[in-house]
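The values are calculated or read from the model by the stated rules, or taken from the named source; none is laboratory data. Since this is a predicted model, take the numbers as computed values, not measurements. Neighbour counts are summed over all protein chains in view; Cβ atoms, including those assigned to glycine, are modelled from backbone coordinates with ideal geometry.
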There are 2 protein chains.
Amino acid sequence: MEKQKLYVIKIGGSLIDNEGKLNEFLEKFASIKAPKILVHGGGKLASNLATKLNISQQMVEGRRVTDKETLDIVTMVYAGKINKNIVAQLQNFDCNAIGFSGADGNLIKSKKRTNSEIDFGFVGDVEKESVNQNLLKELLNLNLVPVFSAITHDKKGNLFNTNADSVASVLAQALSQNFEVELLYCFDKNGILDDINNPDSLIKTLNKIEYLELLSAKKLNEGILPKLKNAFLAVENNVKKVVLINETKLVNQINHQNEGTEIYL
Amino acid sequence: MEKQKLYVIKIGGSLIDNEGKLNEFLEKFASIKAPKILVHGGGKLASNLATKLNISQQMVEGRRVTDKETLDIVTMVYAGKINKNIVAQLQNFDCNAIGFSGADGNLIKSKKRTNSEIDFGFVGDVEKESVNQNLLKELLNLNLVPVFSAITHDKKGNLFNTNADSVASVLAQALSQNFEVELLYCFDKNGILDDINNPDSLIKTLNKIEYLELLSAKKLNEGILPKLKNAFLAVENNVKKVVLINETKLVNQINHQNEGTEIYL
């Protein structure tokens, strides 16, 4: 039997920080007919709140250390304010959105990050086995549209801050067992550019060897690396299609499949 | 066909503000075998956060006016921090909890409160028709345990702060169509007391006439009035059993039905 199509769509900070652009995006997302899942990152709201509350943010090697106070902040901002406002807007656009953290329904379990000399605190790592895909399938069968914040749990009562690109990737991987999944990483560029200063230098397809070449030629900026790592993990784990696209071009991609950079093995 | 039993259990601020007591309660809640729904209030966390952020809280006639900044705070605290921590703890106790605001799955719609000379801002009122009980029934059939914060929505993109006692009451009312519902309001007293200074003066049953007598004799404190109003609304709308109990006596009530004050028409 042919598998049903499913979109897993990730949006990030720059979109979330711009209410007008976010609502334009959500209206387009709501118009997608096929089953779909949205995963959102955080944006600057959490850092702004931490600053207002005089909670210092410790960065190690460019990554945020999540102590208990910072975990409370990201739980409030990501799983509370951002997630519920996105869900309410999608409901306004007649999309039956339902907002989740990984703790809800035990949908995404994670393990505290320990494979590092640095203690990142309440940071959890996920893999495809972390996803309760049976329950997700049931929820999709009820025509619900899951909206995930990147807060997960260890099923021992702890919440963990998790990379949203990784959450999108493991959801896509796990659901590929039952669906033909297309994973779309939406951001503010047209895709991977051969020359980061030239928006017309879009690379239409990228395989792992070409990726390593770009990397050694220092043509990739730091911000794109977690997305690419998770994109390759997805294609290596049976996700049918993985594309990095401009968040303003979602409808074009869905209808014509002609946007962004497609990732291949 | 006999209807299946369902518990709708409401907990409030004093319990939520005490992590140790809250976890004791959640372990007992998790042990209830029958289908169940938890509704939680807010506690002092939202006011504390508002104070830290220098957002002044406007009270009119003892009720909080919810401006946009205050709505953001209650959404973060109630739907984010409190809801997700409760869900994570219940998952730790092997209870498949799933946290919701009313926007999620369009589960509880509300209307902006306008029947007042005061503009309470983003405050929504609910009635039994507000509840998407078909979807709730499907979720209960998946053996999920819904955990509601008292944030609702108008399906036009707005979130509303809502009275948690009212949310519990309308959920119980709506679900009585398909379940034999027992609604338990848990708080830090043994029930309604004839003498508020004497914890042994418990009133075991209370009907509407007796309630009005207590009211005119000024034997009821202000805090209990929304609970009682919503408790009577529930019994008037086919909820099988409504009891106000001490939050420490949940298991006794479930097993022996001998705690608190039962509300009758």
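Couple of notes before you dig in:
- Scan of the range A:5-31 for residues that are more than 18 Å from the chain's Cα centre (by Cα) and surrounded by 13 or more Cβ atoms within 10 Å (Cβ to Cβ), ordered by number: A:5, A:24, A:27, A:31
- Residues satisfying the stated conditions in the range B:215-224, i.e. under 18 Å from residue B:14 (Cα atoms) and surrounded by 14 or more Cβ atoms within 10 Å (Cβ to Cβ): B:224
Residues checked against (1) surrounded by 17 or more Cβ atoms within 10 Å (Cβ to Cβ); (2) touching a residue at least 12 places away in the same chain (Cβ under 8 Å); (3) among the β-branched types (Val, Ile, Thr):
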| position | (1), (2), (3) |
| --- | --- |
| B:70 | yes, yes, yes |
| B:73 | yes, yes, yes |
| B:78 | yes, yes, no |
| B:93 | no, yes, no |
| B:98 | yes, yes, yes |
| B:104 | yes, no, no |
| B:117 | no, no, no |
| B:128 | yes, yes, no |
| B:133 | yes, yes, no |
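- Of all residues in the range B:120-169, those being away from chain A (no Cβ under 14 Å), closer than 25 Å to residue B:43 by Cβ and not in a helix (DSSP H, G or I) number 7.
- Inside the range A:93-110, residues that are under 15 Å from the mean Cα position of the chain (by Cα) and not aliphatic (A, V, I, L, M) make up a count of 4.
- Residue within the range A:67-82 that is modelled with pLDDT under 95 and in contact with a strand residue (DSSP E or B) (Cβ under 6 Å, 6 or more places away or on another chain) present: yes
- Enumeration of residues in the range B:85-99 that are under 25 Å from residue A:68 (Cβ atoms), facing another protein chain (nearest Cβ under 9 Å) and not aliphatic (A, V, I, L, M): B:85, B:89, B:91, B:92, B:93, B:94, B:99
- For the range A:215-228, the tally of residues that are part of a helix (DSSP H, G or I) and in contact (Cβ under 8 Å) with a residue 24 or more places away in the chain stands at 5.
- Hits in the range B:170-214 - residues which are buried (at least 18 other Cβ atoms within 10 Å of the Cβ) and part of a loop (DSSP other than H, G, I, E, B): B:176, B:189, B:190, B:191, B:192, B:203
- In the range A:47-84, residue nearest to residue A:14 (Cα to Cα) [restricted to those that are assigned to a helix (DSSP H, G or I) and away from chain B (no Cβ under 12 Å)]: A:47
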